[in-house]
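Down below is the structure, laid out as structure tokens.
The values are calculated or read from the model by the stated rules, or taken from the named source; none is laboratory data. As the structure is a prediction and not an experimental result, all values here were calculated from the model. Every residue, glycine as well, gets a Cβ built from its backbone with ideal geometry; the counts of neighbours run over all protein chains shown. Each accessible area value is taken on the protein alone, full model and side chains, heavy atoms only, with ligands, DNA and RNA left out. Shrake-Rupley method; radii C 1.70, N 1.55, O 1.52, S 1.80 Å.
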Amino acid sequence: MKKIAATLAGITLALATTFSSFAGWVQSGNRWWYSTNANGTTWYSNGWQQIDGAWYYFDANGWMLADTTTPDGFYVNASGAWVPNQTAQTANTKEIVIGKLHMTVPSFTNATNVEEYGEYKTVTLDSGKGGAKLFVIEAPVNADGDAGVDMQKVVGISGNKQYVIIYPDIKNTEPDYLTEEQRAFTKKYVPSILASAWLE
């Protein structure tokens, strides 16, 4: 019986050693690195490595980059893998369609508070970031209006409708009119939202 117990203990120890020492992914806190030998004394660093069919970028210290743009300009997602044809700006976005208007917005943005007044439709795009909002107006082509302290961009005309995006004027608006969160959202996201807008 002692011989069987000793043999089982030896097998258990051998298995534990086999599974605890190997080359591969190693997590340290919330960061990852890739050991290239069984005892963890060498690792990938300073560039790209293809691992299990995916490409990963490692910095000078061996840390895998994640959810960012690499020094040579490529986007890697939250798990660290390179995503072809994607950038940090497009990785966490979605499309919102209002009538014939298509816009690419941050994934946390929601179209809320749809209001209709005869031929006019107003949709609030709420960022959920400190009350930062954009407004999209679908109006007759001959409509004219005043956005007050806000900025307007006429996206275009489709049929007998024009589409206007109204957003905060962060350069000329009084500081107490907009929160820091609203200013930050407008500065970071509005240019790409405006650039993405297109009509059917």
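Miscellaneous remarks
- Length gained on full extension, F108 to D59, computed as 0.36 nm times the residue gap minus the Cα-Cα distance: 14.7 nm.
- Put simply, when 61-67, 25-31 are sorted by average Cβ atoms within 10 angstrom per residue, most first, you get 61-67, 25-31.
- Gain in span if fully extended, N77 to N39, counting 0.36 nm per residue against the direct Cα distance: 10.8 nm
- Measuring only protein heavy atoms, the 1.4 Å probe finds K153 accessible over about 80 Å².
- Heavy-atom accessible surface of E116, to the nearest 10 Å², is about 130 Å², with a 1.4 Å probe and all protein chains retained.
- The distance separating the Cα centre of region 54-77 from that of region 108-139 comes to 37 Å.
- When the listed pairs K121/K161; K94/K161; K153/K188 are checked against a 22 Å cut-off, the alpha-carbon distance exceeds it for K94/K161.
- Residue-level accessible surface for D52, protein heavy atoms, 1.4 Å, Å²: 150 Å²
- The stretch between E181 and S196, if pulled fully straight at 0.36 nm per residue, gains 3.2 nm over its current Cα-Cα span.
- Calculated FRET efficiency, W48 to S158, Cβ-Cβ distance, R0 = 25 Å: about 0.05 to the nearest 0.05.
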